[in-house]
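For reference, the structure is listed below as structure tokens.
The values are calculated or read from the model by the stated rules, or taken from the named source; none is laboratory data. These figures come from a predicted structure and were not determined experimentally. Here the Cβ positions follow ideal geometry from the backbone for every residue, glycine too, while neighbour counts run over all protein chains shown.
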């Protein structure tokens, strides 16, 4: 990043570039404070304008689209059930409890079905019908009972939105988010039936990630446009369950933790694709990382949290 831009913004991130460059999985780092870009740099990998696989940050984006779908009357609300919304999608041999799974259960990944992430992911995406595969998994908990990280839940959510809107998830993402934010959203993975994958493999540039973070920080507004209903942002950031892996709370598509004594809401994708939103200090951070390597909470993601706590926060709070 040009030194002149740092000077003009009057924020000094002493040692940030050096420390960030030392994280060998980190590709890019973009920092906005009070809506102004204070730092952006590519350490390795594609440019700040190039769309990259943001992995499960896609879940947070589909969660935003859910709020727009409700606002437009496409979805009746988060209490609506699969049995009421898409009865024709439910396999005859599925457990009858799938009918009672709600939109809220999908958003919070509390559907109760055996998860389709982690060691189960490969078998799911290799199956001939992803929706059927998800809906015929055995129940390991009652719907709404506990968090089970599962990309299949968000794929179902994306399929429901697309079905009820009678348009592809790609077209909706481009109209509802791409156009008002002036960001490119390339086509991404589709399932064997042609549905765009909900919850994984969307591609966005680092600058696009930062815009989405700012959109959430500013209660769904971008400039003079209310892109996402403000009440949906508020609802999404109410924490409703907790990850057994990180221990962090989870709302509708967004995690919550504390970094340096400050509340941080974040989107997280495999490898260390991140959007941090720290509203108390008017801070948004977008991170892209190597999408082929794991980034555990006690590994690369932990290192990213430390970078925010030890270098970024002190610089903006002096």
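Quick look at the numbers
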read-out	value
All positions within the range 290-302 that are crowded, with 21+ Cβ neighbours inside 10 Å and either within 15 Å of residue 19 (Cα to Cα) or free of Cβ contacts under 8 Å to residues at least 24 places away in the same chain (or both)	300, 301
Helices (runs of 4 or more DSSP H) enclosed by the range 56-145 - at least 1 residues per element that are farther than 26 Å from residue 204 by Cα, in contact with a helix residue (DSSP H, G or I) (Cβ under 7 Å, 6 or more places away or on another chain) and modelled with pLDDT of 95 or more	82-85, 130-135
Breaking point among (1) surrounded by fewer than 24 Cβ atoms within 10 Å (Cβ to Cβ); (2) under 27 Å from residue 73 (Cβ atoms); (3) under 14 Å from the mean Cα position of the chain (by Cα), for residue 252	(1)
Residue identified as closer than 16 Å to residue 64 by Cβ, in contact with a strand residue (DSSP E or B) (Cβ under 6 Å, 6 or more places away or on another chain), surrounded by 22 or more Cβ atoms within 10 Å (Cβ to Cβ) and in contact (Cβ under 8 Å) with a residue 40 or more places away in the chain among 181, 169	169
Residue count, the range 128-154 (criterion: surrounded by fewer than 24 Cβ atoms within 10 Å (Cβ to Cβ) and free of Cβ contacts under 8 Å to residues at least 24 places away in the same chain)	1
Residue check for residue 157: more than 19 Å from residue 63 (Cα to Cα), in contact (Cβ under 8 Å) with a residue 24 or more places away in the chain and either over 18 Å from the mean Cα position of the chain (by Cα) or surrounded by 20 or more Cβ atoms within 10 Å (Cβ to Cβ) (or both)	no
